[in-house]
Amino acid sequence: MRDVYVIGVGMTRFGELWESSLRDLFVEAALAALDDAGNAGEHLSSMYVGCMSSGLFVGQEHIGPQLADYLGRIPIPATRVETACASGGAAVLHACLEVAAGVSEVVLAGGVEKMTDGADVTSALATAADQEYEAYHGVTFPGLYALMARAHMHRYGTTREQLARVAVKNHKHGALNPKAQYPFEITVEQVLNSSRVADPLRLLDCSPVTDGAAAVILASEEAARRAGSHPLIRVAASAQATGTIALHSRADITRLDAVEQAAKEAYRQAGITPDKVDVSEVHDCFTIAELCVMEALGYTEAGKSGPLAEAGETNIGGRMPINPSGGLKAKGHPVGASGAAQIVELVHQLRGEADGRQVENARIGLAQSMGGTGASCTVHILEGVS
Amino acid sequence: MRSPQYTREIPQRYRLEAGKCTGCGKVHFPPRLICDACRCREFEDTTLPREGKILTWTVIYVPPPNFDLEAPYVVAIVELEGGVRLTCQVVDCGPEELAVDVPVELVFRRIQEDSQADIIQYGYKAVLKRE
């Protein structure tokens with residue numbers, strides 16, 4: 001397998017974008033990524049689109065060819081990839097495989113979700129859990145993560161305030177991101193006093209409902225060197241794993257087994273240990289998710305993530321900066337796009353073009369995306385090559 | 001939920017029918033075709049015990065549409081005797097009575113009504129086991 005490089009990135013603004021359709025969103029992000037890649041885009045030979053549920057959100061399936069068409073790229077192969085909220089990450093993984101295998105020189109991977117057209121979002125998202133044995137009983141997605149939160153608090157003494165710190169930190173970062181849905185700061189008190197969603201989680205523990213798209217252009221080393229204008233960013237690892245669809249089937253409800261597995265494989269591919277990562281974009285769909293992910297990625301021991309968040313270690317400028325983009329919480333969470341948007345942020349960070357939210361001297365970045373309660377997980381590690 | 005989909009799950013929802021792997025003894029709920037622990041494909045029928053304890057729980061304040069009239073309600077992961085775990089509502093109690101490890105038993109209850117398919121859907125819920 002040969003090395004794969006990211007040579008172009010682009011994304012739409014995230015938010016409630018009523019004036020934009022699903023196809024407009026995707027094409028806007030894809031064009032931005034192609035423009036960023038310079039003339040290499042002329043050699044684009046295939047594309048993968050991550051999308052969780054265009055069928056339920058806007059009543060449209062079969063979006064691969066639709067988006068290739070509106071991108072003006074018929075007849076290249078175009079395939080939709082679905083792993084719930086990790087769909088964008090999985091699209092990137094499949095595009096990487098295609099380039100690594102030597103089948104293609106330049107491939108586009110993106111993600112898109114159009115969530116605000118009036119569909120029943122709670123029920124649509126619940127399809128990422130076991131419909132017959134979880135959702136049937138009235139549990140929602142915030143509810144499932146609340147079950148994890150209660151278990152984590154009970155076992156490790158994680159506090160309500162530590163959870164709130166995750167949201168406060170991500171909003172602090174998101175305030176510096178012009179593409180973010182909620183670019184403003186919030187306080188711990190606001191989180192603790194926001195409306196109840198699924199006890200112990202409140203509204204400001206939850207990522208929002210968002211429209212948006214993100215895209216990246218992946219290429220072989222030769223195509224990347226020809227494209228030329230940006231610092232080279234190598235995909236040092238691209239890994240994926242599964243866990244049980246039902247949260248209740250896991251031996252330990254506070255542990256994200258699929259994240260641990262995907263991370264282990266990613267560190268093996270990249271030949272690094274977790275402490276070598278300079279900047280991370282992780283799947284903070286709920287505040288508790290970011291804490292459990294930190295533990296699954298090996299950034300800290302089980303049960304120690306809460307105190308780290310509270311101490312500010314995960315802030316930009318801290319020992320292990322997490323979600324400088326604002327994360328899903330503040331940047332927004334168009335579910336199928338989020339995994340690809342993480343790669344966009346990492347590339348900006350590794351190129352040193354993240355402006356006010358730049359992590360100093362970032363050379364190695366890790367992106368972790370997951371679907372359901374962690375039943376699907378992708379982990380990518382990117383490395384700036386000087 | 002359409003009626004064929006609902007009908008298929010009746011043995012589990014009404015009667016807690018499960019499959020016990022003849023290879024390693026692991027009990028699967030719902031039954032499976034292959035054991036994830038030992039990959040054995042032979043199972044014998046078994047019924048889950050109704051007694052267990054709460055592993056973790058939440059109170060749902062923002063429900064899906066089918067549960068609109070019921071919120072707030074409690075959902076828990078219950079570990080039954082023998083180790084099988086499932087997700088269900090906990091009813092006939094206030095949240096202040098709930099805690100990790102509290103003993104519960106499963107009872108047969110109405111779960112939801114699907115106005116589209118026009119079927120009343122039943123299944124198991126947990127109630128606190130009181131002395």
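The values are calculated or read from the model by the stated rules, or taken from the named source; none is laboratory data. Since the model is a prediction, treat every value here as computed from it, not as a measurement. When we count neighbours, we look across all protein chains shown, and the Cβ atoms used for this are built from the backbone with ideal geometry, even at glycine. Note: areas computed on protein heavy atoms with side chains; ligands, DNA, RNA excluded. Shrake-Rupley method; radii C 1.70, N 1.55, O 1.52, S 1.80 Å.
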One residue is enough: does segment B:64-80 have a residue meeting the conditions within 7 Å of chain A (Cβ to nearest Cβ), within 14 Å of A:Glu134 (Cβ to Cβ) and outside any strand (DSSP E or B)? yes
Can you name every residue in segment B:13-68 that is charged (D, E, K, R) and farther than 23 Å from B:Met1 by Cβ? B:Lys20, B:Lys26, B:Asp36, B:Arg39, B:Arg41, B:Glu42, B:Glu44, B:Asp45, B:Arg50, B:Glu51, B:Lys53
Residues in segment B:103-131 that are open to solvent by 30 Å² or more (accessible area, probe 1.4 Å), free of Cβ contacts under 8 Å to residues at least 60 places away in the same chain and over 17 Å from B:Arg8 (Cβ atoms) total 11
Take A:Tyr156 and tell me if it is in contact (Cβ under 8 Å) with a residue 24 or more places away in the chain and more than 7 Å from every other protein chain (Cβ to nearest Cβ). yes
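Can you tell me how many residues in segment A:215-249 are within 14 Å of chain B (Cβ to nearest Cβ) and either of a type in the set (Ser, Thr, Tyr) or open to solvent by less than 10 Å² (accessible area, probe 1.4 Å) (or both)?
So the answer is 5.
Yes/no per residue for (1) in a strand (DSSP E or B); (2) within 10 Å of another protein chain (Cβ to nearest Cβ):
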site: B:Lys53; (1), (2): yes, no
site: B:Trp57; (1), (2): yes, yes
site: B:Cys93; (1), (2): no, no
site: B:Val104; (1), (2): yes, no
site: B:Glu113; (1), (2): yes, no
site: B:Ala117; (1), (2): no, no
site: B:Gln121; (1), (2): yes, yes
site: B:Tyr124; (1), (2): yes, yes
Check A:Thr300 against each of (1) of a type in the set (S, T, N, Q); (2) open to solvent by 10 Å² or more (accessible area, probe 1.4 Å); (3) not in a loop (DSSP other than H, G, I, E, B) and name the one condition it does not meet. (3)
Could you go through segment A:132-146 and let me know if any residue there is open to solvent by 40 Å² or more (accessible area, probe 1.4 Å) and within 14 Å of chain B (Cβ to nearest Cβ). no
Please tell me if B:Val100 is farther than 15 Å from A:Tyr136 by Cα, within 18 Å of the chain's Cα centre (by Cα), more than 7 Å from every other protein chain (Cβ to nearest Cβ) and of a type in the set (A, V, I, L, M, F, W, C). no
Per the filter on segment A:194-214, residues of a type in the set (A, V, I, L, M, F, W, C), touching a strand residue (DSSP E or B) at 6+ places or on another chain (Cβ under 8 Å) and open to solvent by 20 Å² or more (accessible area, probe 1.4 Å) are A:Leu203
Inspect all residues belonging to segment B:22-30 and state whether any of them is assigned to a strand (DSSP E or B), open to solvent by 70 Å² or more (accessible area, probe 1.4 Å) and of a type outside the set (A, V, I, L, M). no
So which residues in segment B:66-92 are open to solvent by less than 30 Å² (accessible area, probe 1.4 Å) and more than 16 Å from the chain's Cα centre (by Cα)? B:Phe67
Sort out which residues of segment A:240-287 are out of contact with any helix residue (DSSP H, G or I) (no Cβ under 9 Å at 6 or more places or on another chain) and closer than 16 Å to B:Asp36 by Cα, and write them in order of number. A:Ile245, A:Ala246, A:Ser249
Check whether at least one residue in segment A:9-22 is over 25 Å from A:Glu353 (Cβ atoms) and part of a helix (DSSP H, G or I), and report yes or no. yes
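Taking A:Thr254, is it among the hydroxyl-bearing types (Ser, Thr, Tyr) and crowded, with 21+ Cβ neighbours inside 10 Å?
yes
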Please specify each residue of segment A:49-78 satisfying the condition of being assigned to a strand (DSSP E or B) and within 21 Å of A:Gly372 (Cβ to Cβ). A:Val49, A:Gly50
From the list A:Thr273, A:Thr242, exactly one residue is closer than 30 Å to A:Gln181 by Cα and either without any contact (Cβ under 8 Å) to a residue 40 or more places away in the chain or of a type in the set (Val, Ile, Thr) (or both). Which is it? A:Thr242
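Conditions tested, residue by residue: (1) out of contact with any strand residue (DSSP E or B) (no Cβ under 6 Å at 6 or more places or on another chain); (2) buried (at least 22 other Cβ atoms within 10 Å of the Cβ).
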residue	(1), (2)
A:Phe26	no, yes
A:Tyr48	no, yes
A:Gly72	yes, no
A:Val81	no, yes
A:Ala86	no, yes
A:Glu105	no, no
